[in-house]
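Written below as structure tokens is the structure these notes are about.
The values are calculated or read from the model by the stated rules, or taken from the named source; none is laboratory data. Predicted model only: the values in this text are computed from it and were never measured. Glycine gets a Cβ as well: all are built from the backbone with ideal geometry, and neighbour counts include every protein chain shown. The accessibility values were calculated without ligands, DNA or RNA, using every heavy atom of the protein model including side chains. Shrake-Rupley method; radii C 1.70, N 1.55, O 1.52, S 1.80 Å.
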Amino acid sequence: MSNTLGAEPADGHQSQGTPGAGNAAAAARPAPPPAATRRRRGRAKLRFEIAVLSGPAILVFLAFVIFPVALAAFYGFYRWHGYGPPTDWVGLNNYKLILTDPAFQQVLWHTGVILVLSLAVQGPLAIGLALLLNQRIRGRSAIRVLIFVPYVVSEVIVGTGWSLMLQSSGALNDLLRHLGLGFLQADWLSDPKLAIWTLLGIISWKYIGFAVILMLAGLQSIPEELSEAAQIDGASYWQIQRRITLPLLGPTIRIWAFLSIIGSLQLFDLVYIIWGPYVAGTAGTSTMAIYMVGQGRNAGNYGYGSAIAVVMFLISLVVALLYQRFLLRRDLQGAITEGAS
Amino acid sequence: MRARTADRPQKWGNPFTYFVALLFIGICVAPVLYIVLGGFRTNAQISTSPAGLPGPWVVSNYLNVLKSVTFWGEFANSLVVALASTVGTVLLGLMVSFVLARYDFRLKGAMYSLFAAGLMFPLVIAITPLYIVVKDLGLVDNLLGVIVPQIAFGLPMTVIILVPFLRAIPREIEEAAAIDGTGRLGFFFRMVVPLSRPGVVTVGILAFINSWNNYVLPLYVLNSQANFTLPLGVQAFSSQYSVDTAKVLAFTSLAMLPAMAFFAAFERKIVGGLTGAVKG
């Protein structure tokens, strides 16, 4: 596989150069002896190098990422319960079923709510906090480490900890009672009206540190002279933030939003650990990925589960392509559609 | 200039800044602190006053976990899996990123797109067929069955972060190496690997933390407790001792310590690497 992918060199005179190399750079090399033989030998050597360097990664990637995903697409055409090879071909039936499955519509809705509200809550909050923390204050590096803590703690631990705190006899309700806010006590995890908000709270808590750190890094790459010049021209603090800082922070914000969208579409671990696939269904926190695993591994409808996986992938891909087409073009130089150039 | 800077709302903003920063840190850290402190309490304390401080402090929960063979076995499994995944991801990722950054060939764009599209394939989408692949290779309940897929799924992020780093290495260095008679591969090992160290460190830390925290893949692949990694261990422990909350909290605290220590040590590098990727 690596050979077919890695071995095709570009046309003759380009095969020597690296990306972006102009002719001037090529001419600066020591004068080649007989050009034709050198070029041919160079090309073979180049092929060999490309194959050796990229072969292992491509092989592992194809075998453990691409092939399983293709296999999921294949199983999606069968009614299959996971034993023996799939034989019961049902064509697009699984997909028709998805379109009319009320449970799927529900998880799609949950996923959408999580996606939109994650952006709406974490984005402005993270930008505000980053602007605030970007000032010269003491202990900045300690602050940066501490706000990253939730992001580093694993989903299992976050899930275990939060479910202990939020259960009806847990720490949060106890704290509310002690503070005289007893009327706010609630069944945070199992009340279907509340659970999705609880989930959103936990998600925001876990991932906002990452957003803040990313925004801080973006802010630090904005040259200070710009806001100093604006200050001399008499611009106010807010004018500077709105007209200079935020537009220059644009690429960082767009990349963060992209990562956040993909993460929301694929949310699994937290919900699985706190609610489990069955409770999540009744508590109203089930996501596409939870439903997929619930149908596949837990209910034994591997064909249907695989079809859901394919739909999830298609949704992610379409969202990513649209996002990149309209928003990300300048920032990532077409990472997904246009290749490394 | 200086006077103007002082004119900014920063003057009154300073105490406010500290207040917000402390509040934010409090919100970030409190739940983690709850887990750690909970391990120092007894179950009686936890059930009578779930939100209180330990009083008296009890260390037996922590000592019991530290003396347990299960914990250390799972710790060792996590360490082996994380180290092997990190080395594999970094090595394979660096090699293929080098090709993508500095060679020209017809399928380069397709190759890059393939890896970039990998960001759309989270492990969870492919988990069922992935399990079948792992099973067919005879790697079920084997740490290798976790390590190799983790390397594969770590490659997209690695490639996206490393390619800009590798492309930024000045051509002059490569030409100088060529004049000195160093081949491309020699150039790779002698110049590229050391020069791309910031990117490599970032990618390595991300791979390590991802592996340390990975839950879905071990959940599917590992089924005997002797092979469990810590996330599975935490879950098994918390369902086994569901009544013994204090013990669960102690176990959970100790399970999160290594990743946090590792992260605290390398925090600066992670941030640096992320900025590089964003600007690239």
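Take each of the peptides B:123-133, B:230-240, average the number of other beta-carbon atoms within 10 Å over its residues, and list them starting from the highest.
Ranked by mean Cβ neighbours within 10 Å, highest first: B:123-133, B:230-240.
Residue separation times 0.36 nm, minus the C-alpha to C-alpha distance between B:Ser224 and B:Leu83: what's the value?
48.7 nm
Which of the residues in region B:69-97 lose at least 10 Å² of accessible area when you go from the chain alone to all protein chains together (probe 1.4 Å)?
Relative to the lone chain, where solvent access is computed with a 1.4 Å probe, region B:69-97 loses at least 10 Å² at B:Leu92, B:Met95, B:Val96.
Would you mind computing the Rg to Rh ratio of the protein assembly as shown from its alpha-carbon coordinates, Kirkwood style for Rh?
We get a ratio of 0.99 for the protein assembly as shown.
Consider a paramagnetic label point 7 Å from the Cα of B:Thr48 along Cα→Cβ; state which residues of region A:177-199 have an amide N under 17 Å from it.
A:178
Calculate the FRET efficiency for B:Ala110 and A:Tyr95 from the Cβ-Cβ distance with a Förster distance of 25 Å, rounded to the nearest 0.05.
It comes out at approximately 0.35.
If only Cα atoms are counted, what is the Rg of region A:194-341, and what is its Dmax, in Å?
For region A:194-341, the Cα radius of gyration and maximum Cα-Cα distance read 20.4, 68 Å.
Once Rh for region A:86-146 is found with the Kirkwood sum over Cα pairs, what is the Stokes-Einstein diffusion coefficient at 4 °C and 1.567 mPa s, in µm²/s?
So the translational diffusion coefficient is about 82 µm²/s.
Give me the Kirkwood hydrodynamic radius of region B:106-252 in Å, from all C-alpha pairs, to one decimal place?
Across region B:106-252, the inverse of the average 1/r is 18.3 Å.
Could I have the simple spin-label model distance between A:Ile244 and A:Ser169, label points 7 Å from Cα toward Cβ, reported in nm to one decimal?
5.9
With runs of 4+ DSSP H residues as the only contributors, calculate the mean residue ellipticity of the protein assembly as shown at 222 nm using -39,500 (n - 2.57) per run, divided by the residue total and rounded to the nearest 500.
Only helices count here, giving -22000 deg cm²/dmol.
Take peptide B:245-255, look around each residue's Cβ out to 10 angstrom, count Cβ atoms belonging to other protein chains, and average those counts.
Mean partner-chain Cβ count within 10 Å for B:245-255: 2.
For region B:12-82, what log10 I(q)/I(0) values come out of the Debye formula at q = 0.17, 0.22 1/Å, with one point per alpha carbon and no solvent?
Normalising to I(0) and taking log10 leaves -0.81, -0.95.
If r is the Cβ-Cβ distance from B:Arg197 to A:Ala142 and R0 is 22 Å, what FRET efficiency results, to the nearest 0.05?
The formula returns an efficiency of 0.30 here.
Between A:Ile315 and A:Ala44, what is the label-to-label distance in nm when each label sits 7 Å out along the Cα-to-Cβ direction?
Calculated label separation equals 5.3 nm.
Within the protein assembly as shown, count lysine pairs with alpha carbon atoms under 23 angstrom apart where the residues are 8 or more positions apart or belong to different chains.
6
Run the quick spin-label model on B:Ala264 and B:Ser239: label points 7 Å from Cα toward the beta carbon, then report their separation in nm to one decimal.
Label at B:Ala264, label at B:Ser239, 3.3 nm between them.
Within 10 Å of each Cβ in peptide A:162-170, how many partner chain Cβ atoms are there on average? Round it to a whole number, please.
Per residue, the average neighbour count from other chains is 4.
Using alpha carbons only, what's the Rg to Rh ratio of region A:132-243 with Rh from Kirkwood?
My calculation of the ratio gives 1.15.
On the first, second and third principal axes, largest extent first, how far apart are the outermost C-alpha atoms of chain B in Å?
Taking the Cα atoms of chain B, the three principal extents are 74, 71, 33 Å.
Hey, how much of the P(r) for region B:79-148 falls beyond 19 Å, as a percent of Cα pairs?
When all Cα pairs of region B:79-148 are counted, 51 percent exceed 19 Å.
How many Cβ atoms of partner chains, on average, are near each residue of B:24-30 if near means within 10 Å of its Cβ?
Average neighbour count from other chains, rounded to a whole number: 6.
Over chain B, what is the mean sequence separation of C-alpha contacts under 8 Å (at least six apart), divided by residue count, expressed as relative contact order in percent?
30
Quick one, can you get me the convex hull of the C-alpha atoms of region B:1-158 expressed as volume per residue in Å³?
Per-residue hull volume (Cα only) is 270 Å³.
When only Cα pairs under 8 Å and 6 or more residues apart are kept, what is the percent relative contact order across region A:147-279?
33
Which order do A:Tyr95, B:Tyr241, A:Tyr75 take when ranked by solvent-accessible area (1.4 Å probe, heavy atoms of all protein chains), largest first?
Of A:Tyr95, B:Tyr241, A:Tyr75, the descending order of accessible area is B:Tyr241, A:Tyr95, A:Tyr75.
Hey, got the Cα dimensions of region B:151-195 along the principal axes, in Å, largest first?
Principal-axis extents of region B:151-195 (Cα, largest first): 38, 18, 13 Å.
Kyte-Doolittle mean at least 1.6 and Cα extent at least 30 Å along the axis: which DSSP H helices of chain B qualify?
B:144-167
Show log10 I(q)/I(0) for region B:200-265 at q = 0.13 Å⁻¹, two decimals, from a solvent-free Debye sum over equal Cα scatterers.
Log10 I(q)/I(0), no solvent term: -0.42.
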